[in-house]
Amino acid sequence: VDGVPPSLSARVIGSFAFLTVKDRLPTILTKVIDTIHRNKNKFLEEYGENGIDAEKQTISLLSKMRNELQTDKPILLLTDNLQDTESWNEYMRRQQRLLGDQESVSWFKCPWLYVECYMYRRIQEALILNPPISSFDVFKEVKTQSFFDSQKAAMTLCTYLADIYKNMEKLSKDQLGEYFNKLLQVSLWGNKCDLSISAGQENSQKTSPIDSLNSLQAFVLVDDSNRVWSALSSPQRQAGSVKPAGARVDIVLDNAGFELVTDLILADFLVSSGLARQVHLHGKCFPWFVSDVTANDFQWTIRQAMAANHRWMSKSGAQWQKYVKEGVWCYHDHPFWTQPHEFCDMAADAPDLYAALQEADLVLFKGDLNYRKLTGDRDWDHTVDFSTALRGFEPAPLCSLRTLKADVQVGLQPGQGQKLATQDPNWMTSGKHAVIQFHSPKAE
Ligand code: F6P
Ligand code: MG
C-alpha cells in the first residue's frame with residue numbers, strides 16, 4: 001500500500017517475528033500437544049473410546065501443523081465450516097494477492113500478525129474437527145495457575161480499592177483523578193503477566209502492584225494519561241446527541257489471570273466513582289495467544305474472587321457479579337477479535353463492531369497484540385504519529401495500554417528510539433517498557 005510501511009514478517013531473518021515463528025510458536029504448540037495428551041484419561045472418562053480417538057486425532061493434526069510451520073509450508077485453507085471460516089479463507093486469498101503469484105503464502109513468507117493469529121485458529125480447527133473434545137481449552141491449566149500465583153497481589157488490589165471507597169464521598173475531583181491514574185497504571189503493568197511472550201512459562205505478579213508504580217514510571221515511554229482523564233471526566237457530546245449522561249467505557253481485554261483482575265478493579269472504580277455509567281468488556285470467542293480472556297475465564301475469575309478466603313476480594317467478586325447481572329458491566333465476544341485483521345479494516349470488515357465502539361466515550365485497548373493490530377504491525381518509524389499509524393481507525397477516543405513485546409512502536413520523540421536501543425537492544429520486546437497512548441477523533 002502506498003506510503004504505508006511493510007508488515008513485520010518472519011521473512012526478516014533474526015527479527016523478533018522470525019524468532020517467534022521459528023522458536024516460540026513451535027514451543028507453544030508442543031505444550032498444547034502435551035496438555036492434550038496429559039488429559040487423555042479425562043477424555044476417556046468423559047467420552048469413552050471416542051474421547052481417546054479424538055485425543056489422538058487432534059494431536060496428529062497439531063503435529064502435522066507444527067511440521068508445516070517448521071518446514072515453511074504454504075498456509076492451508078480452513079475446513080471446519082464455522083461462522084468465521086470463510087472470512088479466514090478470504091483473508092488468506094487477500095494475502096496471496098498481495099504476495100503475487102510468484103510464491104505461496106507460507107509460514108515465514110507472510111505477515112507475522114497473520115501467521116501468529118492463524119496458528120491459534122488452526123488449534124481451534126483441530127479441536128472442532130474432533131467433536132467430543134471441541135470445547136476443551138488447551139490453555140485453561142496455565143491460565144488457572146497464573147491466577148493463583150498472583151492471588152496475593154490481586155488481594156492487595158482489592159484491599160486498596162476498599163480503602164478508596166471508604167472515603168469516596170469526600171474525594172475532590174483531583175483526588176479522584178489521582179486514583180484513576182494509579183489504577184490505570186496498575187492495569188497497564190498488569191499486561192506484563194501474559195503467557196504468550198513467556199511461551200507458557202510462569203509469569204505472574206509477585207510484588208505489590210501499587211508500591212512498584214513509582215519505580216516503573218521511568219519505563220513509561222509515552223504517557224498520555226492526562227488526555228485519557230480529560231476524555232473521561234468531560235466526555236465530548238456531539239451536538240444533538242441523545243446519549244445518556246455519564247460515560248460509557250469499553251475495555252478490549254487482553255490476558256486472564258492478574259491482568260484481568262487489574263482490569264476489573266479499574267472497571268469497578270470507574271462505575272463506583274460515577275466516572276462511567278457503563279463498562280463494556282470485550283473478550284475472545286476461543287482460546288487465543290495462550291492467556292487471552294474468554295467468556296469462561298471471565299466468569300471463572302469472578303466466581304473465584306467471590307469464593308476467595310479474603311474479605312475484600314470476596315466483596316469485590318460479589319460486586320462484580322452484581323454489575324454483570326444489572327447490566328452495568330456487559331461482556332461481549334465478537335469474532336473479529338480472533339481474526340488477523342489490522343484494526344483499520346474494522347469499519348469495512350466488522351461494521352457492527354465498529355458501530356458498537358462508536359457508542360463509547362473511551363475505548364481502552366489492553367496489551368501488545370491489540371497495539372500490533374492498532375498500528376497494523378508494520379515497520380513504522382518510531383517518530384510517526386500514533387494517529388497516522390491508526391490509518392483512520394477512530395471509532396471513539398481511544399487509548400492503548402501496552403507493555404512492549406513486539407518490535408513496533410510509534411509516537412516517540414526524535415532520538416528517543418535510538419537512545420533506548422543503545423541502553424537495551426531488546427527494549428521493544430522485553431516487556432519492561434510500556435506506553436499509555438491516546439488518540440481522539442477531531443471534534444466536528
Ligand atoms: O511475541 C510475543 C507475543 O506472542 C506477541 O506476539 C504478542 O503480541 C504478545 O506476545 C502477546 O502479548 P499480549 O498478551 O500483551 O497481547
Ligand atoms: Mg494476550
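Restricting to the range 354-374, name every residue that is within 16 Å of ligand 2 (Cβ to nearest atom) and more than 15 Å from Ile251 (Cβ to Cβ).
The initial filter retains those residues of the range 354-374 that are within 16 Å of ligand 2 (Cβ to nearest atom), namely 364-374.
Passing the criteria: Asp368, Arg372, Lys373.
Starting from the range 333-359, take each residue that is within 20 Å of Phe286 (Cα to Cα) and list its partners that are of a type in the set (Lys, Arg), counting only C-beta distances under 8 angstrom and pairs at least six apart or across chains.
Taking only residues 6 or more apart or on different chains, the pairs are Asp333/Lys284; Trp337/Lys284; Thr338/Arg121; Thr338/Lys284; His341/Lys373; Glu342/Lys373; Glu342/Arg391; Phe343/Lys373.
For the subset of the range 148-168 comprising residues that are of a type in the set (S, T, N, Q) and touching a Ser or Thr at 6+ places or on another chain (Cβ under 6 Å), which member is surrounded by the fewest Cβ atoms within 10 Å (Cβ to Cβ)? Quick ask: steps written out before the conclusion?
Quick first cut of the range 148-168, residues of a type in the set (S, T, N, Q) only: 150-151, 156, 159, 167.
After this cut, where a residue has to be touching a Ser or Thr at 6+ places or on another chain (Cβ under 6 Å) as well, the list is 150, 156.
Working: Ser150: 23, Thr156: 19.
Across the range 148-168, the extreme among qualifying residues is Thr156.
Tell me, please, whether a residue that is within 14 Å of the chain's Cα centre (by Cα) and either within 16 Å of ligand 2 (Cβ to nearest atom) or more than 29 Å from Gly257 (Cα to Cα) (or both) can be found in the range 384-395. Write out each step before concluding.
The first filter runs over the range 384-395 and keeps only residues within 14 Å of the chain's Cα centre (by Cα), leaving none.
No.
Name the single residue that is farthest from Ala126 (Cα to Cα) among those in the range 137-147 being among the β-branched types (Val, Ile, Thr) and open to solvent by 30 Å² or more (accessible area, probe 1.4 Å). Spell out the reasoning first.
Of the residues in the range 137-147, the ones among the β-branched types (Val, Ile, Thr) are 138, 142, 144.
In the following step, the residues that additionally are open to solvent by 30 Å² or more (accessible area, probe 1.4 Å) were identified as 142, 144.
On the way: Val142: 20, Thr144: 23 Å.
Out of the qualifying residues, it is Thr144.
Given the conditions (1) open to solvent by less than 10 Å² (accessible area, probe 1.4 Å); (2) farther than 24 Å from Ile13 by Cβ; (3) in contact with a Lys or Arg (Cβ under 7 Å, 6 or more places away or on another chain), report the number of the one that Cys399 does not fulfil.
With (1) open to solvent by less than 10 Å² (accessible area, probe 1.4 Å); (2) farther than 24 Å from Ile13 by Cβ; (3) in contact with a Lys or Arg (Cβ under 7 Å, 6 or more places away or on another chain) applied to Cys399, the lone miss is (3).
Can you tell me which residue in the range 169-198 is surrounded by the most Cβ atoms within 10 Å (Cβ to Cβ), limited to those that are of a type in the set (A, V, I, L, M, F, W, C) and within 16 Å of ligand 2 (Cβ to nearest atom)?
Taking the range 169-198 and keeping what is of a type in the set (A, V, I, L, M, F, W, C), we get 171, 176, 180, 183-184, 186, 188-189, 193, 195, 197.
With within 16 Å of ligand 2 (Cβ to nearest atom) added as a condition, the list becomes 188-189, 193, 195, 197.
Details: Leu188: 28, Trp189: 22, Cys193: 30, Leu195: 25, Ile197: 23.
Looking at the filtered set, the residue picked out is Cys193.
What is the residue count in the range 64-114 for residues that are of a type in the set (A, V, I, L, M), open to solvent by 60 Å² or more (accessible area, probe 1.4 Å) and closer than 24 Å to Cys285 by Cα?
Result for the range 64-114: 3.
Quick one: in the range 261-320, of everything that is β-branched (Val, Ile, Thr), more than 16 Å from ligand 2 (Cβ to nearest atom) and open to solvent by less than 10 Å² (accessible area, probe 1.4 Å), which residue is nearest to Met155 (Cα to Cα)? Outline the logic, then answer.
At the first step, the residues of the range 261-320 found to be β-branched (Val, Ile, Thr) are 261-262, 265, 271, 279, 290, 293-294, 301-302.
Still in the running and more than 16 Å from ligand 2 (Cβ to nearest atom): 265, 271, 279, 302.
Right, trim to open to solvent by less than 10 Å² (accessible area, probe 1.4 Å) and you get 265, 279, 302.
Numbers: Ile265: 11, Val279: 22, Ile302: 13 Å.
Ranking the candidates gives Ile265 first.
Please go through (1) in contact (Cβ under 8 Å) with a residue 60 or more places away in the chain; (2) more than 16 Å from ligand 2 (Cβ to nearest atom); (3) touching a Gly at 6+ places or on another chain (Cβ under 8 Å) for Ile28 and return the number of the only condition it doesn't satisfy.
Unmet condition: (2).
Is it true that Val384 is surrounded by fewer than 20 Cβ atoms within 10 Å (Cβ to Cβ) and modelled with pLDDT of 95 or more? Spell out the reasoning first.
Details: surrounded by fewer than 20 Cβ atoms within 10 Å (Cβ to Cβ): yes; modelled with pLDDT of 95 or more: yes.
Taking the combined requirement at face value, the residue satisfies it.
How about the range 209-218: which of its residues are in a helix (DSSP H, G or I) and surrounded by 15 or more Cβ atoms within 10 Å (Cβ to Cβ)?
Quick first cut of the range 209-218, residues in a helix (DSSP H, G or I) only: 213-218.
Residues satisfying the conditions are Leu213, Leu216.
Just wondering, is there one or more residues in the range 32-41 that are under 28 Å from Leu374 (Cβ atoms), open to solvent by 30 Å² or more (accessible area, probe 1.4 Å), touching a residue at least 60 places away in the same chain (Cβ under 8 Å) and part of a helix (DSSP H, G or I)? Lay out the reasoning, then the answer.
Taking the range 32-41 and keeping what is under 28 Å from Leu374 (Cβ atoms), we get 32.
Of the ones still in play, those that are also open to solvent by 30 Å² or more (accessible area, probe 1.4 Å) are none.
The answer is no, given that none of the residues of the range 32-41 is under 28 Å from Leu374 (Cβ atoms), open to solvent by 30 Å² or more (accessible area, probe 1.4 Å), touching a residue at least 60 places away in the same chain (Cβ under 8 Å) and part of a helix (DSSP H, G or I).
Yes or no: Arg378 in contact with a Ser or Thr (Cβ under 6 Å, 6 or more places away or on another chain) and in contact (Cβ under 8 Å) with a residue 24 or more places away in the chain? Don't jump to the end; show me each part of the working.
Working: in contact with a Ser or Thr (Cβ under 6 Å, 6 or more places away or on another chain): yes; in contact (Cβ under 8 Å) with a residue 24 or more places away in the chain: yes.
Here the answer is yes, as Arg378 does meet what is asked.
The values are calculated or read from the model by the stated rules, or taken from the named source; none is laboratory data. Only a predicted model underlies this, so the values are computations on that prediction, with no experimental measurement involved. Please note: Cβ atoms are built from the backbone with ideal geometry, for glycine as well, and neighbour counts cover all protein chains shown. We work out accessible area using only protein heavy atoms, side chains counted, and drop any ligands, DNA or RNA first. Shrake-Rupley method; radii C 1.70, N 1.55, O 1.52, S 1.80 Å.
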